[in-house]
Structures are given as C-alpha cells and as structure tokens.
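Contents: one structure, followed by commentary.
The values are calculated or read from the model by the stated rules, or taken from the named source; none is laboratory data. These figures come from a predicted structure and were not determined experimentally. Note that we place each Cβ from the backbone using ideal geometry, even for glycine, and neighbour counts take in every protein chain shown. SASA here: full protein model, heavy atoms, side chains in, ligands and nucleic acids out. Shrake-Rupley method; radii C 1.70, N 1.55, O 1.52, S 1.80 Å.
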Amino acid sequence: MTQSDLALAAESSTRHLSCLETGKAQPSREMINRLAEYLDIPLRDRNGLFLAAGFAPAFRESTIDGLDAAKASMERVLQAHLPYPAFAVDRHWNVVLSNNALPQLYEGCSAALLKPPVNAMRLILHPEGMAPRIRNYGAWRAHSLSLLRHQIEANADSLLQRLHAEVAAYPAPAEADPRGGFEGSDRYATPLRLATRFGTVSFLNTLTVFGTASDITLAELALEMLFPADDQTIAIANTMELERTG
C-alpha cells in the first residue's frame, strides 16, 4: 500500500499523513478511527493508538460473564448445534464456552489437557491429546499452524507466538500421515478425521466472529463449529449422542 493509497482511504492528504508519521502533527480521534478501520486494526490495538495520541481508550474489555446478551446468544447457537461439537474460543484458543457434545471424541486425552481452561490447539495436536487418533494429522497440523501464523501476522501477540512455537515442536504420532498437502476432496476443505471406538468420524469446521463488536473481549471471540463431512459421521455421532444422554 502506498502512502497516497492510505491517505485517500483516510480522506486525508499525503502531506498530512507524512506529518503524522514523523510526529510533526497530532492525529484527531476521527483520523485514528479512519486509519484503524481501513487497516483493519484490532480493537485492543486501537486503544493503544488512542493512548499514544493522548486520548482515552475508546473500547472497553469485559469479562465473558459481563457480556450477558452476547453470551446468551452464543449459548443458544452452541446448544442448537447439538449433537455436533461447538465451542467459543478467545484469541489464544482457550475454550470459554462449549456445548459439551460427544465427550467420546476426547477419550484417551490427558486429564491435564482437559482441565479448564482447555486450549483447543493443544488438545487437538498434543501427543497426549487427540493427535494420535487424527487420521490426517499432517494436513490438520498444517491447517492449524497456518491459522496461528495468520493471527500472528495480523497482531504480533507474544502468547500466540509462544503457542505457535510450542505446537510446531510437538512430535508427530508414530503412525501419523506426514503429508501436509491437500489432495483429492481435501483440496476444497480440510476435514478433521478422528478415530474413535465407534469408527472414524470426519468433521468440517467453521469459525464465526462478531462483525460489529465494540467490546474487545467480544471482538476477539470466535465460534468454532464442527459439521459432519459424511454419512458415516452422522450415524456415529447419533450413536454417541444416544450413549451420552443414556
């Protein structure tokens, strides 16, 4: 992006933008908002820009329990997704809400990894987690690390950087498929293929964020929902749900 591109998007001049960059001029709140919107800067970092320019932060950061209406909406969505797993994660992939579907998927995982707050990345890729049962481990690992890299590129969060380094260093399961490419139908979307005592299930996942959030916590939450990728998974999930509900 050129300086003139950014100046045009921010409804300013290249001269004024240059003065802001060199500190010869101070930005207004309106200018900070326009630049942040166009550059898609996260709300947390926008507060940092306001403080650096001498203004009070514009966005508050609530606890998940303080987001009453949003939390109730998320819980309705999660429960409506039963019998398939769905959960909400924060910016560091810690699970903050879950519909607790299909606990059989987590059988054999270390109790330490299932202790709240559960980190979704660790639980899936850790050698004492779900990793030994992931049938397409190489492809899923590549997908997960790509998600983390994109987050880090957008926001150089030190905790995300450490999580990426940790997950990237996990040893591959002895019988894991090492391929990280996308072959056959997987080139359209990478499923999570997981062995269970009922058979192998295959899920496609979606990540949903709040597009109009004005609270930092809400803006950093994402809903991850697993959808069955084939008829066998639907049948197995129904059997698991019958066992769960007894």
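Numbers for the structure displayed
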item	result
Built amide H within the under 5 Å cut-off of Asn136, gap 5+	Arg193
In Å², nearest 10: area of Trp93 left accessible to a 1.4 Å probe	20
Segment Leu51-Ala142, extension gain: residue separation times 0.36 nm, minus the distance between their alpha carbons	29.0 nm
Beta bridges per DSSP with both ends in the chain, % antiparallel, nearest 5	100
Relative intensity, log₁₀ I(q)/I(0), of the stretch 25-114 from a Debye sum that treats every alpha carbon as a point, q = 0.10, 0.11, 0.18, 0.24 Å⁻¹	-0.46, -0.53, -0.89, -1.17
Accessible area per residue in Å² at 1.4 Å probe, computed on the stretch 88-246	50
Percent carbon-and-sulfur accessible area, the stretch 7-131, ignoring ligands, DNA and RNA, probe 1.4 Å	54
Helix-only [θ]222 nm of the chain, DSSP H runs n ≥ 4, -39500 (n - 2.57) each, per residue, nearest 500	-12500 deg cm²/dmol
Chain lengthening between Glu153 and Glu243 when straightened (0.36 nm per residue, less Cα-Cα)	28.1 nm
Computed FRET value (nearest 0.05) for Ala235 with Glu11, which takes r as the C-beta separation and R₀ as 45 Å	0.20
Karplus 3J(HN,Hα) series, Hz, for the stretch 142-159 with 6.51 cos²θ - 1.76 cosθ + 1.60 (x for Gly, Pro)	4, 4, 5, 5, 5, 4, 5, 4, 4, 4, 5, 5, 7, 7, 6, 7, 5, 5
Amide H partners (placed H, <5 Å) of Ser98, local residues excluded	Ala88
Solvent-accessible ranking of Met240, Met225, largest area first, probe 1.4 Å	Met225, Met240
Identified option (computed semi-axes √(5λ) of the Cα gyration tensor in Å; candidates (1) 40, 21, 16; (2) 37, 20, 15; (3) 31, 21, 20)	(1)
